[in-house]
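The values are calculated or read from the model by the stated rules, or taken from the named source; none is laboratory data. What you see is a predicted model; the values in this text were computed from it and never measured. Here the Cβ positions follow ideal geometry from the backbone for every residue, glycine too, while neighbour counts run over all protein chains shown. SASA here: full protein model, heavy atoms, side chains in, ligands and nucleic acids out. Shrake-Rupley method; radii C 1.70, N 1.55, O 1.52, S 1.80 Å.
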Amino acid sequence: MISTAVSLLELRVHMLTFHLVVSMSEYYASVALPDGDEVRGVLFAKEGLLPWPNEGALSYSDGCGQRMLVGWDRVGVVGLVFENDSSNSEARGGRVDPADYQPLQWFDALPEALLPLATRLAQRMGDLTTAGFYALEGGPLLVTTRDSSHTHDWFGILDGQFDAEVHSLLPEHVEVCARVARDLVNGPRTLTPEEKAVLLTVPPEWLDGGRAIEPDPAPLAQTLERVGVAWGD
């Protein structure tokens, strides 16, 4: 395991940014393709997302064989990822019987206090993982170093680097999502007219043959309200 410079607060902001980015992508996908694919990523918790809940999780699948599940509770946080093409995959080539999968083998050490959380997350991943990270509350974020290089980015939640093109969005969309997520550390906030105009700018990816798309702000406003952001008048 290697220690990172990412604090738990920064990880929280990055996860919230990622949630907003993916929500924006799914929003425009539903506008342009009403009968499209199911939602690929979501932040969920029994409580609301503002204030930040004591327990919750972020799940995501890129639809191309890579999945991520990050969970947290009062003890700390655990992240697991599965890359279908990774040499770390036990399912690759069918070499290992599913009953013998070892989903937590990539941790050099895992505090006993985090084992219940890690085990629950691994079970939800079908006991297939190719990399992991963890942090005790107040401690450093530790990431496995024995995963393939293409799983190190964790879809951007560790370094806060989110590729707008990957999500079929404009860079300006991602910038607004990141700004809002940072601001939410200090409490609820309301979007500015400029931010609303940016978020309602349809990405070229979804403009098929030049047809006009008039996005309805209501579904987007509902998503934002859940994390503590008011759409405003």
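Apply the Karplus parameterisation 6.51 cos²θ - 1.76 cosθ + 1.60, with θ equal to phi minus 60°, to every residue of region 172-180 and state each ³J(HN,Hα) to the nearest whole Hz, in sequence, with x for glycine and proline.
Listing the rounded values in order: 5, 4, 5, 4, 5, 4, 5, 5, 4 Hz.
As a test of the definition: which semi-axes, in Å, follow for region 79-136 when you take the square root of five times each eigenvalue of its alpha carbon gyration tensor? Largest first, please.
20, 11, 9
Which length gain, in nm to one decimal place, applies between SER30 and VAL166 when the Cα-Cα distance is subtracted from 0.36 nm times their residue separation?
Here the segment from SER30 to VAL166 would lengthen by 47.3 nm.
Just by accessible area at a 1.4 angstrom probe, what is the order of TRP52, TRP154 from largest to smallest?
From most exposed to least exposed: TRP52, TRP154.
Taking only the C-alpha atoms, wrap a convex hull around region 96-233 and report its volume per residue in Å³ as a whole number.
Dividing the Cα hull volume of region 96-233 by its residue count gives 180 Å³.
If R0 is 35 Å, what FRET efficiency do you get for GLN105 and ARG179 from their C-beta distance, rounded to 0.05?
According to the calculation, E is roughly 0.35.
Go through region 221-233 residue by residue and turn each phi into a ³J(HN,Hα) via Karplus (6.51, -1.76, 1.60, θ = phi - 60°); whole Hz please, and just put x for glycine and proline.
The phi angles translate into 4, 5, 4, 5, 4, 4, 9, x, 10, 8, 5, x, 6 Hz.
Kindly provide the GluC sites (Glu not before Pro) of region 53-118 that DSSP labels as loop, not H, G, I, E or B, and whose Cβ sees at most 15 other Cβ atoms within 10 Å.
Sites meeting the loop and neighbour criteria: GLU55.
May I ask you to give the solvent-accessible area per residue for the chain, in square angstrom, as obtained with a 1.4 angstrom probe?
Using a 1.4 Å probe on heavy atoms only, each residue of the chain averages 50 Å².
Might you work out the accessible area of SER87 for me, using a 1.4 Å probe with all protein chains in place, and round it to the nearest 10 Å²?
Solvent-accessible area, nearest 10 Å²: 80 Å².
Based on the alpha-carbon gyration tensor of region 1-86 and its eigenvalue square roots a ≥ b ≥ c, which shape applies: rounded if a/c is under 1.5, prolate if not and a/b is larger than b/c, or oblate?
It is oblate, given that a/c is not under 1.5 and a/b is not larger than b/c.
Please work out the FRET efficiency for the pair GLU214 and LEU50, using the Cβ-Cβ distance as r and a Förster radius of 45 Å; give the result to the nearest 0.05.
0.95
Roughly speaking, to the nearest percent, how much of the chain's 1.4 Å accessible area is carbon and sulfur?
Here carbon and sulfur together make up 51 percent of the probe-accessible area.
Using 15 Å as the cut-off for backbone N distance, which residues of region 7-33 belong to the label zone defined by a point 7 Å from the Cα of ASP62 along Cα→Cβ?
It comes to 22, nothing else.
Per-residue accessible area for ARG179 at 1.4 Å probe radius, Å² rounded to 10?
Per-residue accessible area (ARG179): approximately 90 Å².
Compute the projected area of the convex hull of the Cα atoms of region 47-148, averaged over all viewing directions, and report it in nm² to one decimal place.
7.1
Between the DSSP loop rule and a limit of at most 14 other Cβ atoms within 10 Å, which trypsin sites (Lys or Arg not before Pro) in region 45-94 are left?
Answer in residue order: LYS46, ARG74.
Under a point spin-label approximation (7 Å from Cα along Cα-to-Cβ), what is the GLU112-LEU200 distance to one decimal in nm?
Result for the modelled spin labels: 5.7 nm.
Where does the chain land on the Kirkwood hydrodynamic radius, alpha-carbon pairs, in angstrom?
Evaluated on the chain, it is 18.7 Å.
Given the -39500 (n - 2.57) contribution per DSSP H run of 4+ residues, what per-residue ellipticity at 222 nm results for the chain, rounded to the nearest 500 deg cm²/dmol?
-9000 deg cm²/dmol
What fraction of the DSSP beta bridges in the chain is antiparallel, stated in percent and rounded to the nearest 5?
95
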